[in-house]
Every structure is written in C-alpha cells, then in structure tokens.
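Engineer: Next up is a structure, given as structure tokens.
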Amino acid sequence: MRILLKLSGEALAGDKKTGFDDAMITRVGKQVKTLVDSETQVGVVIGGGNFWRGRQNETVDRVKADQIGMLATVMNAIYVSEIFRGEGLMTAILTPFECGSFTKLFSKDRANKYFSRNMVVFFAGGTGHPYFSTDTGALLRACEINADMVLLAKNIDGVYDSDPAKNPDAKRFDEIHIDDVIARGLQVVDLAASIMAKENRIPLRVFALQEEESIVRAARNEFNGTRVLVD
C-alpha cells in the first residue's frame, strides 16, 4: 500500500502555533516508522502555516507571498525529515524547483526508486507555481505516485457541516462522498484538490493529528475521523 500523508504546518507547531513542537514531530515519526515497517510506502506533504500564510498578508504581492510559502514547506520538510531519521527512517526530499544540494528535483521515477528502497519521500515546494495551495500540491503528487489514499492530519478531528469553532451544533460526518464535499463547499481540501481526488478516485481520510496513534489508525481504517469516499 502507498499513502500520501498531508501534515498541517500549524499542527506540527503544537500549542506554540509557530515553529516546531519536537515532541509532536517525534510522535509522528514513530507512527510513520510503524507503517514503513509494515511495508506501507509513505509520501509526505507538509503545509507552511507554522511559518507563513501569504494569503493573509495584504502588503506582499501574491506571487511573492506564495513563493515564500513554498520555501516554508521546504524548511518544514528538511526539519521533519531529520527528526524522522532520528527514529531510524531513511528519507528523501523532492521539490519541483532546484534547491542546490538541499533537495532533489521531483520526478515520478525518482520517487518510485526511493519508495522501492523503503524511504519516506517528502514532496516539498508545492506545485512550484503560485496560486496553488499545498492541498492541491498534495493531491497532485498523490495522483502522480498512484497513492492508494491521502491521509489529512489536521488540527480538527474530521469534516463538519459547518465550522465547529463558530457553531457548537456543527455535525461531524463519519463518511461523506467527495461529490457532496464539492457541492456543499466543505473545506476538506480546496476545490482544485477535491476535483483531483474525484477525477482520480483517491479517497481521503481526515483526522486530528493530536489523537493517539492517529496516523497509524487512519492508515488501517480504524480511526476517529471522516472518510471521504470516491466510489
């Protein structure tokens, strides 16, 4: 089985909201090692929100803001990759643009070579272009590497019919079809990513990163969260 794990940058920062929570990242690494040891191939995409959220900045040109965000995801990948290595994992970082000796350029063949060596492959830098989110980048890479599913580890424990932070009566879905997600405008991932999941029939599993063994449980379909169906 091959999965694409999308990690929220904010979730990796923990209560600090910015930077890194090493204890949290170490727990993530231990869970990923459990999956790799059980012969699951794992790709990882990390958002950049623990450093930069360009769309909230009105003084910086959108293209430049998005480029800063891409670099934030590269920094996150380098840092988290090193924590994973400390847990005994082999890792590689691929980007859609040159980063000197820090990363390798993305190609499907290169990713498959690394997966065949039981390496965790980080896909950083988004799509390499502005106006695309890391959600879209994650689904793009999931399509390119023929992932069986995308695991969305967030600060929230699933998909709700409205914002639970604003509506105490918000209902969480145990299952919802991607068509309903798109029709209702639910913010599971952005619209472009939702359409890619639909067209390429890639199921999503949405869950809270902070819950115990949440990544392992989501991969094994034993989790507390929401299954986004595509069939």
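Since every read-out is calculated from the coordinates, none of them should be taken as a lab result. This one's a predicted model, so the numbers in the text were calculated from it and none came from an experiment. Methodologically, a virtual Cβ is constructed for each residue, glycine included, from the backbone with ideal geometry; neighbour enumeration extends over all protein chains shown.
Engineer: Can you list the equivalent-ellipsoid semi-axes of segment 132-231, largest first and in whole Å, using the square root of 5 times each Cα gyration tensor eigenvalue?
Structural biologist: Over the Cα atoms of segment 132-231, the semi-axes work out to 20, 17, 12 Å.
Engineer: Based on the mean of other beta carbon atoms within 10 Å per residue, what is the order of 103-109, 4-10, most packed first?
Structural biologist: Per-residue mean Cβ counts within 10 Å order the peptides as 4-10, 103-109.
Engineer: OK, next. Give, as a single signed number, the net charge of other residues whose beta carbon lies under 13 Å from the beta carbon of Phe97, with Lys and Arg counted +1 and Asp and Glu -1.
Structural biologist: -1
Engineer: Quick one: Cα convex hull volume of segment 98-144, Å³ per residue?
Structural biologist: Enclosed volume per residue, from the Cα hull, is 81 Å³.
Engineer: Along the three principal axes, how long is the chain when you take its alpha carbons, biggest first, rounded to the nearest angstrom?
Structural biologist: Taking max minus min along each principal axis of the Cα atoms, the chain gives 49, 47, 36 Å.
Engineer: Once each part is reduced to its C-alpha centroid, what is the distance from segment 214-229 to segment 174-203 in angstrom?
Structural biologist: Between the Cα centre of segment 214-229 and that of segment 174-203, the gap is 16 Å.
Engineer: If we sort 121-133, 32-44 on the protection proxy, mean other Cβ atoms within 10 Å, highest first, what's the order?
Structural biologist: 121-133, 32-44
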